[in-house]
Each structure stands twice: as C-alpha cells, then as structure tokens.
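The values are calculated or read from the model by the stated rules, or taken from the named source; none is laboratory data. Keep in mind the model is a prediction, meaning the values are calculated, not measured. All Cβ positions, even for glycine, are placed from backbone atoms using ideal geometry, and neighbour counts span all protein chains on display. Note: accessible area is taken over every heavy atom of the protein model, side chains too, but ligands, DNA and RNA are not part of it. Shrake-Rupley method; radii C 1.70, N 1.55, O 1.52, S 1.80 Å.
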Amino acid sequence: MVEFIGSFETVESLPRGKLPEYAFIGRSNVGKSSLLNALVGQKAARISNTPGRTQQINLFEWNDVVLVDLPGYGYARASKTEIEKWALRLEKYLLSRTQLTRLFVLIDSRHGLKESDLDMMDFCDANAIKYQAVLTKTDKIKKSEVNDRQLEIEAEMANRGAACDTVIVTSAEKKIGIKELNKEIFRE
C-alpha cells in the first residue's frame, strides 16, 4: 500500500525523514507518474497528457522507501520564470537530500537521449549523484528500436562516473520492466 506524503513547493518544506528516497526525473511527459503508478500497482500519482503537469515535488511512502515524483525538465507549458524556478528547486533537491539513494532518469524510447537528458546526467556526474537510466514507453516502438535505444544509452552510461551500468527497459502501460525496477529499489 502506498501512502501519499504530500506535494511540496520548496525543498525547505520537505519532511526530514530517514527512509531512503528514490526519485523519478526526466523530460516533461516522459511517463514519470505513470511509471511510479505501475511500480506501486495503483493510481497514486496524477497523470496527464499535458507536459509540465507535475509542478511540485510529490512524495509517496511505499514499503519503507520514499518514491519522489519530480517535475519534468525540457518542454512544458509554463512561463520561462516558472521553468527557471522549477530548475532551481530541482537542483536544490538533488544537492541537499541526503536520503536520496538513487535518481531514475527516464528517457522516452520514441525519442532517445536528448540534450536535456545529457545535461541532467552531466549535473549528476559532476555532483556524484547516483543515477540510473530508465527507458520508457517501449510498447510504442518496434522491439528492434528498443534494443537500439538500449545499446545507445548503455554506451553513453559506460563513460559516466555516477551512472549505474544497467538500463531498465519499461512500459508502464504493459507493465514491462516493473519487476526489474522493483529489484533495483529493494536489492537484497
């Protein structure tokens, strides 16, 4: 059972718990909330087809960990001022949350790695923030394209200091990769 802890406008307003945090980040509309819902097996996070709908830091407690649904980066229907505010909040979260155990960087399989994804990975590498690439929406493209995307991302990860080697291939809609994602969170 997942428990919604709350939506937080600022990093300072986040509760200071001791449970490990696993955060989901990626470009707007990459499927962060959908993947979180597939992982916990219920509709915990709000989903929308409108890019930039998640605007706050949303926390969920689930099986003695905290899952964090972060606002997307890249395209969103918001003012430049609002987008800059989100970016600063995100940077502050990533740099200050000692309980952040892993950041899952979601990449839409239909589009592959974008400059904004590489920028996020560069930031994580520069600040020693452990992260793992997660390929989303793999049910929307051919299996051969999924394999190509996975190889492309794995090649990129091999040259990065804070990245995990394994790329998790997922589809929230078809429940692909959910067990693998679960294993990464609850490693024995």
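Among the residues of segment 120-139, the ones that are loosely packed, with under 13 Cβ neighbours inside 10 Å and either over 21 Å from G161 (Cβ atoms) or polar (S, T, N, Q) (or both) come to 1 in all. Taken together, the residues in segment 152-169 that are open to solvent by 80 Å² or more (accessible area, probe 1.4 Å) and within 25 Å of W86 (Cβ to Cβ) amount to 0. Total residues in segment 120-153 satisfying the condition of being in contact with a strand residue (DSSP E or B) (Cβ under 8 Å, 6 or more places away or on another chain) and more than 19 Å from L35 (Cβ to Cβ): the figure is 2. Total residues in segment 86-98 satisfying the condition of being at pLDDT 85 or above and open to solvent by 30 Å² or more (accessible area, probe 1.4 Å): the figure is 6.
Pairs linking a residue in segment 110-125 that is in contact (Cβ under 8 Å) with a residue 60 or more places away in the chain to a residue that is open to solvent by 80 Å² or more (accessible area, probe 1.4 Å), with Cβ atoms under 9 Å and 6 or more positions apart or on different chains, are S116/Y75. Here is the figure for segment 120-158: residues that are out of contact with any Lys or Arg (no Cβ under 7 Å at 6 or more places or on another chain) and either part of a helix (DSSP H, G or I) or aliphatic (A, V, I, L, M) (or both) total 26. Just so you know, in segment 99-119 the residues that are open to solvent by less than 20 Å² (accessible area, probe 1.4 Å) and within 13 Å of the chain's Cα centre (by Cα) include one that is modelled with the lowest pLDDT, and it is D117. Scanning segment 140-151 for residues that are open to solvent by 50 Å² or more (accessible area, probe 1.4 Å) and aliphatic (A, V, I, L, M) turns up just one, L151. Taken residue by residue, segment 170-179 has no member that is free of Cβ contacts under 8 Å to residues at least 60 places away in the same chain, surrounded by fewer than 12 Cβ atoms within 10 Å (Cβ to Cβ) and either of a type in the set (S, T, Y) or assigned to a loop (DSSP other than H, G, I, E, B) (or both).
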